[in-house]
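A.B. asks: Before I ask anything, here is the structure I am working with.
The values are calculated or read from the model by the stated rules, or taken from the named source; none is laboratory data. The shown structure was predicted, so the numbers you read here are calculated from the model rather than taken from an experiment. Neighbour counts run over all protein chains shown; Cβ positions are idealised from the backbone, glycine included. To get the accessible areas, we keep the full protein, side chains included, count just its heavy atoms, and leave off ligands, DNA and RNA. Shrake-Rupley method; radii C 1.70, N 1.55, O 1.52, S 1.80 Å.
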Amino acid sequence: MVATPIGNLGDLSPRALAALQTADLVVCEDTRVTGNLLRHHGISRRLLAYHEHNAAKVRPQILAALAVGQAVALASDAGTPLVSDPGYKLVRAAIEAGAVVHAVPGPSAALAALVVSGLPTDRFMVAGFLPNKATARQKAIAELQAVPATLVLFEAAPRLAACLADLAHVLGARPAAVARELTKRFEEVRRGTLGELAAAYAASGPPRGELVIVVGPPDKTAALDLDEAALDAALLAALATGSPAAAAAELAAATGRPRRELYRRALDLKAARAASRDRA
Ligand code: SAM
């Protein structure tokens, strides 16, 4: 997996350059974008498009190349492949087929935004893109409310102000940053509370270019005041990765509510989820 620049095409690491130069096949999201990158570095290689619409069809072709000992490089349009970009199923299939998979690390918009945000970096969660529609977006934010970590979110510029407003509405006055055009000529980082940033971008209109939103973790000293729907969403999110007891403990710590009450609710939600899976 070859990480590619998120700014200047010249920002390719020597290891990434070598991986692309020596690959028999370069798999990429968009052959025009990666073709430009290769041309910029004087590299000519066989390119194969791999994206969500053709992945299932193309994957066997890539695995066949690996099976005969070819070196395959996977690149995304920008940044690190697999981070909110295609590749995870390909990597899993390659591992299952016995291929050796190497990461060729380099830039990622998520990490670049995190480190310039000024927010805690010891624990963070890259939560990808939130849904476009307000109701679904607010529900998704409620699921993130109790996560005890800095949140890193991708967003498109035209939706920035609305997304920040929903984040402020659900998460309250958390510190945040909007990191735009990172490593490019017009790089800019704006910092403030979610509400301040939402108001600033509502007044100025959508900014240009690409951006990442970084949101500070919940204040450990302030108990989270979740309504019942938000509490259920947070419990379900915790149940996705842990037991009812662990989910209850996490939410008890975050909200100050009795653990036993949360445990009972977690069991109910788990049973309801299992029943709806059986019906589906
Ligand atoms: N895999 C990529 C990575 O590791 O950087 C991220 C892929 S995600 C589909 C693309 C999103 O990353 C964009 O919509 C934008 O939110 C963010 N992004 C990409 N380049 C950026 C940049 N130079 N500055 C700020 N955000 C950027």
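A.B. asks: Under 20 Å from the Cα of Lys139, which aspartates and glutamates turn up, not counting those fewer than eight places away in the same chain?
C.D. replies: In chain and number order, the partners are Glu155, Asp166, Asp225, Asp227, Glu228, Asp232, Glu250, Asp268.
A.B. asks: Sticking with this one: Just to check, using Stokes-Einstein with a Kirkwood Rh over alpha carbon pairs, what's the diffusion coefficient of region 208-249 at 37 °C and 0.692 mPa s in µm²/s?
C.D. replies: Values: Rh = 12.7 Å.
In µm²/s, the coefficient rounds to 259.
A.B. asks: Once you keep just the Cα pairs under 8 angstrom separated by 6 or more residues, what percentage relative contact order results for region 28-94? Before the final figure, lay out each step's value.
C.D. replies: Numbers: 52 pairs, mean separation 24.8, N = 67.
Taking the mean separation of contacting Cα pairs over the length of region 28-94, I get 37 percent.
A.B. asks: Arranged from highest to lowest average of other beta-carbon atoms within 10 Å per residue, in what order do the peptides 65-78, 131-144 appear?
C.D. replies: Numbers: 65-78: 18.0, 131-144: 16.1.
Top to bottom by mean Cβ count within 10 Å: 65-78, 131-144.
A.B. asks: Over its Cα atoms, what ratio of radius of gyration to 2.2 N^0.38 Å does the chain give? Provide the component values of the computation, followed by the final result.
C.D. replies: On the way: Rg = 21.4 Å, N = 280, 2.2 N^0.38 = 18.7 Å.
Here the Cα radius of gyration is 1.15 times the empirical estimate.
A.B. asks: OK, next. When only C-alpha pairs under 8 Å and at least 6 residues apart count, what is the relative contact order of region 109-215, in percent?
C.D. replies: Numbers: 200 pairs, mean separation 36.2, N = 107.
It comes to 34 percent, rounded to a whole number.
A.B. asks: Counting only heavy atoms of protein chains, what accessible area per residue, in Å², does the chain have with a probe of 1.4 Å?
C.D. replies: Details: 14710 Å² over 280 residues.
Using a 1.4 Å probe on heavy atoms only, each residue of the chain averages 53 Å².
A.B. asks: For region 109-215, just the Cα atoms, rotate onto the principal axes and tell me the three extents in Å, largest first.
C.D. replies: That gives 36, 32, 21 Å along the principal axes, largest extent first.
A.B. asks: Shifting gears a bit: Using a cut-off of under 16 Å, list every residue of region 78-121 whose amide N is near the label point 7 Å from the Cα of Asp11 along the Cα-to-beta-carbon line.
C.D. replies: From region 78-121, the list is 78-81, 105-117.
A.B. asks: Also: Which whole-number percent is the relative contact order of the chain (Cα, under 8 Å, 6+ apart)?
C.D. replies: Details: 477 pairs, mean separation 44.1, N = 280.
Worked out over the chain, it gives 16 percent.
A.B. asks: Whole number please: convex hull volume per residue of the Cα set in region 228-279, in Å³?
C.D. replies: On the way: hull volume 3.4 nm³, N = 52.
Output value, Cα hull per residue: 65 Å³.
A.B. asks: Where does the chain land at 222 nm, in deg cm²/dmol rounded to the nearest 500, when only DSSP H runs of n ≥ 4 count, each adding -39500 (n - 2.57), divided by all residues?
C.D. replies: On the way: 11 runs with 129 residues, N = 280.
Only helices count here, giving -14000 deg cm²/dmol.
A.B. asks: At 7 Å along the Cα-to-beta-carbon direction for both Gln70 and Val115, put a label point, then send me their distance in nm to one decimal.
C.D. replies: Result for the modelled spin labels: 3.5 nm.
A.B. asks: Of Val104, Leu48, Leu119, which is farthest towards the positive pole of the chain's charge dipole, taken about the Cα centre with +1 and -1 on the beta-carbons of Lys, Arg and Asp, Glu respectively?
C.D. replies: Of the listed residues, the answer is Leu48.
A.B. asks: So what are region 187-280's ellipsoid semi-axes, whole angstrom, largest first, if each one is the square root of 5 times an eigenvalue of the alpha-carbon gyration tensor? Let's see the in-between values first.
C.D. replies: Values: eigenvalues 243, 65, 25 Å².
Largest first, region 187-280 gives 35, 18, 11 Å.
A.B. asks: Related question: At 0.36 nm per residue, and after removing the present C-alpha to C-alpha distance, how many nm does the segment from Ala252 to Ile95 gain when stretched out fully?
C.D. replies: Numbers: separation 157, 0.36 × 157 = 56.52 nm, distance 3.92 nm.
That works out to 52.6 nm of additional length.
A.B. asks: Give the distance, in whole Å, between the Cα centre of region 109-125 and the Cα centre of region 132-185.
C.D. replies: If you average the Cα positions of each part, the centres end up 14 Å apart.
A.B. asks: Where does the charge balance sit around His41 when Lys and Arg score +1, Asp and Glu -1, over other residues with C-beta under 14 Å from its C-beta? The partial results should precede the final answer.
C.D. replies: Numbers: positive: Arg15, Arg39, Arg45; negative: Asp11.
Computed value for this residue: +2.
A.B. asks: Still on this structure: Once the other residues with Cβ under 14 Å from the Cβ of Thr255 are scored (Lys, Arg +1; Asp, Glu -1), what is the net sum? Mind showing how you got there, number by number?
C.D. replies: Numbers: positive: Lys220, Arg257, Arg259, Arg260, Arg265; negative: Asp219, Asp225, Asp227, Glu228, Asp232, Glu250, Glu261.
After counting each charged neighbour, the total is -2.
A.B. asks: For the chain, give me the percentage of DSSP beta bridges that are antiparallel, rounded to the nearest 5 percent. Mind dumping the intermediate values first?
C.D. replies: Details: 17 of 32 bridges.
Of the beta bridges lying entirely in the chain, close to 55 percent run antiparallel.
A.B. asks: Then there is this: What FRET efficiency do you get for Asp268 and Met125 if R0 is 25 Å and r is their Cβ-Cβ distance, rounded to the nearest 0.05? Write down the numbers at each step before the final one.
C.D. replies: Values: r = 26 Å, r/R0 = 1.04.
Between Asp268 and Met125 the formula returns 0.45.
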